[in-house]
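The values are calculated or read from the model by the stated rules, or taken from the named source; none is laboratory data. As the structure is a prediction and not an experimental result, all values here were calculated from the model. Please note: Cβ atoms are built from the backbone with ideal geometry, for glycine as well, and neighbour counts cover all protein chains shown.
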Amino acid sequence: MTDGVVLAHDYATQRGGAERVALLLAEAFPGSPLYTTLHDPDGTFPELDDLDVRPGPLDRVAALRHHHRLALPLLAPAVSRQRLAGDVLVASSTGWAHGYRGARRTVVYCHAPARWLYQRDRYLGAPADVPGRARKAAARAALAGLGPALRAWDVRAARRADVYLANSTVTRDAVRAAYGIEAQVLPPPPALPPGPERPVPGVEPGALLCVARLLPYKNVDVVVAAAQLLRRPLVVVGDGPDRQRLAALAARDPRTPVRFVGRVDDDGLRWLYRHAAVLVAASYEDYGLTPLEAGTYRVPVVALRAGGYLDTVAEGVNGTFVDAPRADVVADAVAKALAADWDGVAIDAHVAAFGRDRFLARIREVVTALRDAPAPTVGGAR
C-alpha cells in the first residue's frame, strides 16, 4: 500500500471509462488495495487481475457478479457494513464507492451522481416494444420505492467526504445540485493505453464507429438509424441489455451493414479507432471520453452538444456537434464530417491538453495535501 492510501470502485464488472479511471488511480498509488462490491474478471479489464482487488460479501453470489443491476437494493447496506483501514480513501464513484467508511480522510472522484436517483428517466430510457415497456415500468416502480432511502444514504455519504473531484463541468454542476458540494474539475485522460493493434474479424476499414454501453439513454438506436440513412457501414462496440432491440432495428435494413462486435480487448479497440472514418457519439455523457480516444488516432467525432462532450470536443478542431439526438440531424452532421478536411496536428494538440501525467500528478497532489493536513475539515466520524 502507498503511504496508507486505499482505493474503492463501485463494482468491477464492466469495461468502461469509470473502470479505466480506477486503473489510473491504481497506477497513481501502486500497491494500494482496491475495495469493490463485485468483481467479475471476465466482464472487466484484465489489468484488474494484477491489483489487490477486495470484493465484498455480495461477490459470493455469481448472479450478482454477472448482473450487477440485480444487486441495487443490496449495495448501500453492503458498502456501509464493509469497513476500510487507511489514511486516505480515494473512491471512484458513480453511486456507491463514496459510501465506504473507515479511512481517516476521503477523496471522491465522481463520474456522476447516481443516475438511477437523479436521472431516472434518462437512465431507464423508453423502449418501443411492449415487453420492454413492462420491464421499464417495473424498474421505475422499484426505483420510486427505493429512491427516498437511497437518496438520503447517498447525500450522507457524499457529505462525509473531505474533497470532491468531478470528471467534467457537467458533473461538477450535478454534484452541486445533488449535494451542495463544490467539486474541483479534474478531467481524466484518454485512458486507452498505447499498444499493439489487432484487426477485428468481419470489420473493414472506413466504417463509422460507435463505442457505448448498450443502454437506452446511450441513443445507439439513433446512430444505427443515421448510418442507415447514409447507407454507411457502422461498427458498434459495447454490450448491454439493449443489444437485442438494437440488433432488430439494424436488421430492418439489410442494405446497411451494422456490426455489433460486443466487448473488444484493447488491441482490437485501438485497431477500430485507427481505421474508423468518424466516431459517432449521440448519447448524453457525464464525461466525453471516447472523442479523446478517437482523437489519439486523429479520428474526428460527431457528438451530441450536451454533457461531458462540451469539455472534450472543440467545434471544428476534433469534431462537430449535433443539437438533437435525431437520426436525420446526426446523418447530416456525419456526412459533413466525412467530407471535411481535418487537421491532424490540431487534433493532436487538443488531445494533449488532457494528458495522463497531468491527471496522475494532480490526484497525487490532492491526496498528499489531505494526508498531511492535521484534522478533517468536512464531515465527522468515518
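Odds and ends about this structure:
- Selection count where residues are surrounded by fewer than 20 Cβ atoms within 10 Å (Cβ to Cβ) and either at pLDDT below 95 or touching a helix residue (DSSP H, G or I) at 6+ places or on another chain (Cβ under 7 Å) (or both), scope region 163-180: 2
- Considering region 56-72, and only residues there that are not in a helix (DSSP H, G or I) and not hydrophobic (A, V, I, L, M, F, W, C), the residue that is surrounded by the fewest Cβ atoms within 10 Å (Cβ to Cβ) turns out to be His67.
- Residues considered: Ala324, Ala373, Ala361, Ala339. Of these, the only one that is at negative phi and at pLDDT below 95 is Ala373.
- Any chance Val220 is under 16 Å from Pro325 (Cβ atoms) and not basic (Lys, Arg): yes
- If you go through region 282-320 and keep only what is hydroxyl-bearing (Ser, Thr, Tyr) and either under 21 Å from Arg270 (Cβ atoms) or in contact with a Leu (Cβ under 6 Å, 6 or more places away or on another chain) (or both), you end up with Tyr287, Thr290, Thr296, Tyr297, Thr312.
- Filtered by the rule that a residue be out of contact with any Ser or Thr (no Cβ under 9 Å at 6 or more places or on another chain) and modelled with pLDDT of 95 or more, region 240-252 gives Asp242, Arg243, Gln244, Arg245, Leu246, Ala247, Ala248, Leu249, Ala251, Arg252.
- Of all residues in region 235-251, those that are in contact (Cβ under 8 Å) with a residue 40 or more places away in the chain and more than 25 Å from Phe45 (Cβ to Cβ) total 1.
- Complete set of residues in region 73-87 that are part of a helix (DSSP H, G or I) and either over 19 Å from Thr44 (Cβ atoms) or more than 23 Å from the chain's Cα centre (by Cα) (or both): Pro73, Leu74, Ala76, Pro77, Ser80, Arg81
- The set of residues in region 284-308 that are more than 19 Å from Glu19 (Cα to Cα) and within 15 Å of the chain's Cα centre (by Cα) contains only Gly307.
So that you can scan it fast, the table gives a plain yes or no per residue for (1) in the same structural domain as Asp286 (by TED's automatic domain parsing); (2) at pLDDT 95 or above; (3) in contact with an Asp or Glu (Cβ under 7 Å, 6 or more places away or on another chain); (4) within 27 Å of Arg263 (Cβ to Cβ):
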{"site": "Asp40", "(1), (2), (3), (4)": "no, yes, no, yes"}
{"site": "Phe45", "(1), (2), (3), (4)": "no, no, yes, yes"}
{"site": "His66", "(1), (2), (3), (4)": "no, no, yes, yes"}
{"site": "Arg83", "(1), (2), (3), (4)": "no, no, no, no"}
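- Within region 210-229, residues that are assigned by TED's automatic domain parsing to the domain that holds Leu304 and on the phi < 0 side of the Ramachandran plot reach partners that are part of a helix (DSSP H, G or I) and among the acidic types (Asp, Glu) with beta carbons closer than 7 Å, at six or more positions or on different chains, in the pairs Leu229/Asp328.
- In the set Asp332, Asp372, only one residue is over 20 Å from Pro194 (Cβ atoms), surrounded by fewer than 15 Cβ atoms within 10 Å (Cβ to Cβ), acidic (Asp, Glu) and more than 26 Å from the chain's Cα centre (by Cα); that residue is Asp372.
- Selection within region 146-165 - assigned to a helix (DSSP H, G or I) and among the charged types (D, E, K, R): Arg151, Asp154, Arg156, Arg159, Arg160
- Any hit, region 184-194, residues being assigned by TED's automatic domain parsing to the domain that holds Thr37, loosely packed, with under 15 Cβ neighbours inside 10 Å, touching a Leu at 6+ places or on another chain (Cβ under 6 Å) and modelled with pLDDT of 95 or more: yes
- Some residue of region 356-364 being among the small types (Gly, Ala, Ser), outside the structural domain of Val170 (by TED's automatic domain parsing) and either surrounded by fewer than 19 Cβ atoms within 10 Å (Cβ to Cβ) or in contact (Cβ under 8 Å) with a residue 40 or more places away in the chain (or both): no
- Residue that is farthest from the chain's Cα centre (by Cα), among those in region 342-358 that are acidic (Asp, Glu) and at pLDDT 95 or above: Asp343
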